[in-house]
Amino acid sequence: MVSTYAEFRFGWPVVVASAIGIGLGMSPLPFYTIGVFAGPLAQEFGWGIDQVMLALAFFTVAAVISSPVVGQLTDRYGPRRVALTSIVLFSITMMSFALQNGSMMMWLGTWSVLAFTGAGTLPITWTRAVNSWFFRKRGLALGFSLIGTGLFGLLAKQYAFFLIQLVGWRWAYVGVGALPLLIAWPVAFWLFRDTTDPKVASKVAQMEQHTEKRKVRHGGLTLLQATKDWRFWLLAYSFVPISFAVGGPIPNLETMLGNKGFSPDDAVTLASLIGVAVIIGRVAGGFLLDHFPAPAVAAIILSLPALATFMLAQSDLSFAYAAMAIMILGAAAGVEYDLMAYLVSRYFGLLHYAAIYGALYGFFALGAGFGPAVFGAFYESDGNYDAILLISSVLFVVGAVPLLLLDKYRDYEEPLEAE
């Protein structure tokens, strides 16, 4: 009898490499640490928190442009080549933040460049390979692959805070930026290969015979065909308000919690719980996607954070309630990428997976990128985040519920007996 977990026997290297590559990539590293750097930057250059967070809006515009491009490159040249190249460029650009001189143009420009150099480290490339190795346990494999965002998000905040206290924010940026080059690149070089790579052809053949008699085949829709499908546009619509409501609070958590009366140490400790919650959300979400219809899983889990943002808006926020709210918010952040990768593979296939994922990621980036700047603007205007947190509670529901309209998956895999 074939074990339903047999795919992990063959695909574990790509899962490990993806977890580290995604965790030290463009998706979490700049996003999770900007809140820690915001205070020192504002103090040294006289910027407002909204000015610091404006960088994420420019980052978003550049990501909207670069993500479809890197998707096309991944489908054409393979995820390994794109990821290895991008890690190097992303690491160098991240370290260059240490050269900031107070020029807002330089600050915003560096973030824009970061979106182009680091786009190949997004889940677009890594999940392309993971999806090709897994079918029956694809959701769980994606969950494990994406736990890197939570794990390194948790550690990166603490690491950046420690370095800032020890050597100042400039050297802290160098220390944070060096992580992808020193850790993610060597691991990816040795372990990260797609099933189309000739060097793993014999391994793929063994896997096909031991995992439910399915042939690994990259079938599916082209990007043009996908954009003519109503499911594509439903996903595009849903991810904008959800990513805004999730992405807006996270970089602002340290300032938000400080505004509620928490000490800097407590604020960083609480904000770091996001990483723990993301890890839980990744694995639990991946497991649920393998056992229950993804639209139902998404609608339920992505509606729950409405309660979290409502709790964070309360004036008498205790440490326990803050921790609970942040854990709920982090769990939703943990499901988002799993969900996008899973739904793209199930509804559109792997033929042009990276290009389709990249196009949808652009919509996701719109919400996640502009969210922090909007949250910062509300803070500068009102002196708190309460109003925008309540608005986000509504946005979670508005974005999540329509996902229930999605219908049955499409099957682009091929049984071996058909050969």
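In this structure, is Asp382 within 25 Å of Asp75 (Cα to Cα) and either among the acidic types (Asp, Glu) or in contact with a Pro (Cβ under 9 Å, 6 or more places away or on another chain) (or both)? Criteria not met by Asp382. The requirement of being more than 20 Å from Ala368 (Cβ to Cβ), buried (at least 24 other Cβ atoms within 10 Å of the Cβ), of a type in the set (Ser, Thr, Tyr) and in contact with a helix residue (DSSP H, G or I) (Cβ under 7 Å, 6 or more places away or on another chain) is not satisfied by Ser96. Test Phe287 against the criterion of being in contact (Cβ under 8 Å) with a residue 12 or more places away in the chain, open to solvent by 40 Å² or more (accessible area, probe 1.4 Å), closer than 30 Å to Val16 by Cβ and not in a loop (DSSP other than H, G, I, E, B), and give yes or no. For Phe287, the condition - in contact (Cβ under 8 Å) with a residue 12 or more places away in the chain, open to solvent by 40 Å² or more (accessible area, probe 1.4 Å), closer than 30 Å to Val16 by Cβ and not in a loop (DSSP other than H, G, I, E, B) - is met.
Which ones in the range 240-260 are outside any helix (DSSP H, G or I) and open to solvent by less than 10 Å² (accessible area, probe 1.4 Å)?
Selection gives Gly248 alone.
Can you tell me which residue in the range 144-154 is nearest to Leu329 (Cα to Cα), limited to those that are open to solvent by less than 10 Å² (accessible area, probe 1.4 Å) and part of a helix (DSSP H, G or I)? Among those that are open to solvent by less than 10 Å² (accessible area, probe 1.4 Å) and part of a helix (DSSP H, G or I), it is Gly150.
A Cβ distance below 7 Å, combined with a sequence gap of six or more or placement on separate chains, defines the contacts here; from the range 12-24, residues that are more than 23 Å from Val204 (Cα to Cα) and of a type in the set (Gly, Ala, Ser) reach residues that are at pLDDT below 95 and part of a helix (DSSP H, G or I) in the pairs Gly23/Gly148; Gly23/Thr149; Gly23/Leu151; Gly23/Phe152. Of Asp266, Asp338, all but one fail to be touching a residue at least 40 places away in the same chain (Cβ under 8 Å), more than 18 Å from the chain's Cα centre (by Cα) and part of a helix (DSSP H, G or I); the exception is Asp266.
To keep it simple, each residue is scored yes or no on (1) among the acidic types (Asp, Glu); (2) modelled with pLDDT of 90 or more; (3) crowded, with 24+ Cβ neighbours inside 10 Å.
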position: Pro123; (1), (2), (3): no, no, yes
position: Arg136; (1), (2), (3): no, no, no
position: Leu142; (1), (2), (3): no, no, yes
position: Tyr159; (1), (2), (3): no, yes, no
position: Val167; (1), (2), (3): no, yes, no
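Of the numbered criteria (1) crowded, with 24+ Cβ neighbours inside 10 Å; (2) assigned to a loop (DSSP other than H, G, I, E, B), the one Ala332 fails is (2). Pairs meeting the criteria (first residue in the range 130-141 and touching a residue at least 12 places away in the same chain (Cβ under 8 Å), second residue aromatic (Phe, Trp, Tyr) and part of a helix (DSSP H, G or I), beta carbons under 6 Å, at least 6 apart or on different chains) are Gly139/Tyr342; Leu140/Phe287. Being among the acidic types (Asp, Glu), at pLDDT 85 or above and not in a helix (DSSP H, G or I), is that true of even one residue in the range 220-234? Within the range 220-234 (the criterion being among the acidic types (Asp, Glu), at pLDDT 85 or above and not in a helix (DSSP H, G or I)), the answer is yes, since at least one residue qualifies. Counting only residues that are assigned to a helix (DSSP H, G or I) and either of a type in the set (A, V, I, L, M) or farther than 26 Å from Val64 by Cβ (or both), the range 109-131 holds 7 of them. If you go through the range 1-50 and keep only what is surrounded by fewer than 22 Cβ atoms within 10 Å (Cβ to Cβ) and either touching a strand residue (DSSP E or B) at 6+ places or on another chain (Cβ under 7 Å) or not in a helix (DSSP H, G or I) (or both), you end up with Met1, Val2, Ser3, Thr4, Tyr5, Ala6, Gly46, Trp47, Gly48.
Just to be sure before I move on: is Asp338 over 22 Å from Met256 (Cα atoms), among the charged types (D, E, K, R), open to solvent by 40 Å² or more (accessible area, probe 1.4 Å) and out of contact with any Asp or Glu (no Cβ under 6 Å at 6 or more places or on another chain) in the structure I sent?
Spelling it out, it is not the case that Asp338 is over 22 Å from Met256 (Cα atoms), among the charged types (D, E, K, R), open to solvent by 40 Å² or more (accessible area, probe 1.4 Å) and out of contact with any Asp or Glu (no Cβ under 6 Å at 6 or more places or on another chain).
Considering every residue within the range 118-128, establish whether at least one is farther than 20 Å from Leu343 by Cα and hydrophobic (A, V, I, L, M, F, W, C). Among the residues of the range 118-128, at least one is farther than 20 Å from Leu343 by Cα and hydrophobic (A, V, I, L, M, F, W, C), which makes the answer yes.
The values are calculated or read from the model by the stated rules, or taken from the named source; none is laboratory data. Keep in mind the model is a prediction, meaning the values are calculated, not measured. Note that we place each Cβ from the backbone using ideal geometry, even for glycine, and neighbour counts take in every protein chain shown. With ligands, DNA and RNA removed, areas are computed over all heavy atoms of the protein, side chains included. Shrake-Rupley method; radii C 1.70, N 1.55, O 1.52, S 1.80 Å.
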